[in-house]
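As C-alpha cells, the structure follows; a few thoughts come after it.
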Amino acid sequence: MEQQEYAQRGYLREDLRLFHLKGAMEEQLDWHYHTFHKLIFFLGGQSGYGIEGRSYPLAPGDVIFVPQGCVHRPEAAPGAPYERVILYLSPDYLARAGTAECPLDSCFTLATARFRFVLRPQEERQALRRTLLSLESAFAQPGFGQELLAKAILTQLLILLRRAMDAQPQAVESLASDEKIAAIMQYLSQHPTEPVSIDALAARFYISKYHMMRRFRAETGYTVHAYLTGKRLALAREQIAAGMPILQAASACGFGDYSAFCRAYRRQFGQPPSSAKQDAAETPKTRKKA
C-alpha cells in the first residue's frame with residue numbers, strides 16, 4: 001500500500017524538554033518529523049544523522065538542528081554506542097521569549113534557509129559545552145526559580161549557537177547517495193506552497209519523471225506527493241496555531257480543496273485543524289507532560 005504521509009514522532013506539551021541519552025539505539029528509525037524544534041548535541045559514539053535526504057557524518061561536539069517539520073532520522077546502527085543530549089523546544093515559546101532584534105528561533109530558520117543542519121563548533125565549543133552542562137544541572141536540581149533559571153540558560157545557549165553559526169557559514173558538509181533527489185527535496189522544502197506537478201518537477205531537474213518517482217521513494221520511503229503534503233500540513237498547523245483562520249491557512253499552504261485538507265490533516269495529526277489553535281491557546285501550566 002502506498003504510504004500517504006510521513007510519520008510524526010514525539011510530542012511536546014511544555015515549553016522545553018531535555019534528555020541525556022547514553023544507551024545505544026535499540027532499532028533503526030524511519031524518516032519522521034516533529035511539530036516542535038529539536039537540538040541534538042552529539043557527545044560520542046558511532047552515528048550519523050539524516051535530515052531532508054542528506055546524511056551528515058558526526059564527530060563529538062557536533063550540534064544538529066532539526067527545525068519543526070523537517071524529515072529526519074538518526075543513523076546509528078542498533079547496538080552501536082551513541083551518547084547525545086536532546087532538547088525539544090516549542091516554536092511558540094521561542095517566538096514569545098525572543099525579540100525582534102534577537103529571535104530565539106533564528107538558529108532553526110538559518111539552518112532551513114541554508115539547508116545545512118549540522119554545526120561543528122570551533123572556538124565556541126568549550127563555551128557551548130559549559131552552557132549545556134549548566135542547563136542540564138538546572139533541569140536536574142529542583143529549587144527556587146528552577147524553570148526561570150533553565151530558560152535563562154537556554155537563551156544563552158541559543159545565542160551562542162547563533163554566533164557560532166555566523167562564524168561558520170559553511171557548517172558541516174553533507175552526503176547524499178542521490179544528489180538529484182536531495183536537490184528535489186531541498187526545492188520542495190523551500191517552496192512548499194507553490195503549485196507543482198510531477199512533470200514540471202522532473203523537467204526542472206532534468207530527470208525522467210518515472211525515474212524520479214522511483215528514486216525518491218527508494219531514498220526517502222515516501223512518494224513525492226506524500227512528502228510535499230506533509231510539508232504543507234506542518235506549515236498549515238503552524239499558521240493556524242499563530243492565529244490564521246483555518247480556511248485561509250489551507251489555501252495559503254497550497255490546498256485548493258478545503259475538505260481534502262481537513263481529511264489529510266486528520267490523517268496526519270489525528271485531530272481536526274481547529275486543534276492547532278486550541279493547543280496554542282493552552283498555557284504551559286495547564287499542559288500535561290508527555
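Only one entry in 210, 227 is of a type in the set (Ser, Thr, Tyr), touching a residue at least 12 places away in the same chain (Cβ under 8 Å) and out of contact with any strand residue (DSSP E or B) (no Cβ under 9 Å at 6 or more places or on another chain), namely 227. Return yes when residue 140 is closer than 30 Å to residue 183 by Cα and exposed (fewer than 14 other Cβ atoms within 10 Å of the Cβ) and no when it is not. Against the criterion (closer than 30 Å to residue 183 by Cα and exposed (fewer than 14 other Cβ atoms within 10 Å of the Cβ)), residue 140 does not qualify. Considering every residue within segment 193-208, establish whether at least one is within 19 Å of the chain's Cα centre (by Cα), buried (at least 19 other Cβ atoms within 10 Å of the Cβ) and modelled with pLDDT under 90. No, every residue in segment 193-208 fails to be within 19 Å of the chain's Cα centre (by Cα), buried (at least 19 other Cβ atoms within 10 Å of the Cβ) and modelled with pLDDT under 90. Just one of the listed residues (69, 79) is crowded, with 22+ Cβ neighbours inside 10 Å and either within 22 Å of residue 185 (Cβ to Cβ) or out of contact with any helix residue (DSSP H, G or I) (no Cβ under 7 Å at 6 or more places or on another chain) (or both), namely 69. Taking the criterion of being crowded, with 17+ Cβ neighbours inside 10 Å, of a type outside the set (Ser, Thr, Tyr), assigned to a loop (DSSP other than H, G, I, E, B) and not assigned by TED's automatic domain parsing to the domain that holds residue 90, would at least one residue in segment 230-241 satisfy it? Checking segment 230-241: not a single residue is crowded, with 17+ Cβ neighbours inside 10 Å, of a type outside the set (Ser, Thr, Tyr), assigned to a loop (DSSP other than H, G, I, E, B) and not assigned by TED's automatic domain parsing to the domain that holds residue 90. The set of residues in segment 261-276 that are among the hydrophobic types (A, V, I, L, M, F, W, C) and farther than 17 Å from residue 196 by Cα comprises 262, 264, 269, 276. Evaluation of residue 86 against the conditions (1) touching a Lys or Arg at 6+ places or on another chain (Cβ under 8 Å); (2) crowded, with 23+ Cβ neighbours inside 10 Å shows that the sole unmet condition is (2). Of everything in segment 106-130 that is part of a loop (DSSP other than H, G, I, E, B) and within 13 Å of the chain's Cα centre (by Cα), the residue that is farthest from residue 55 (Cα to Cα) is 115.
Just a yes or no: is a residue in segment 94-105 assigned to a loop (DSSP other than H, G, I, E, B), polar (S, T, N, Q) and surrounded by fewer than 16 Cβ atoms within 10 Å (Cβ to Cβ)?
There is at least one residue in segment 94-105 that is assigned to a loop (DSSP other than H, G, I, E, B), polar (S, T, N, Q) and surrounded by fewer than 16 Cβ atoms within 10 Å (Cβ to Cβ).
The values are calculated or read from the model by the stated rules, or taken from the named source; none is laboratory data. The shown structure was predicted, so the numbers you read here are calculated from the model rather than taken from an experiment. We place every Cβ from the backbone using ideal geometry, glycine too, and count neighbours over all the protein chains shown.
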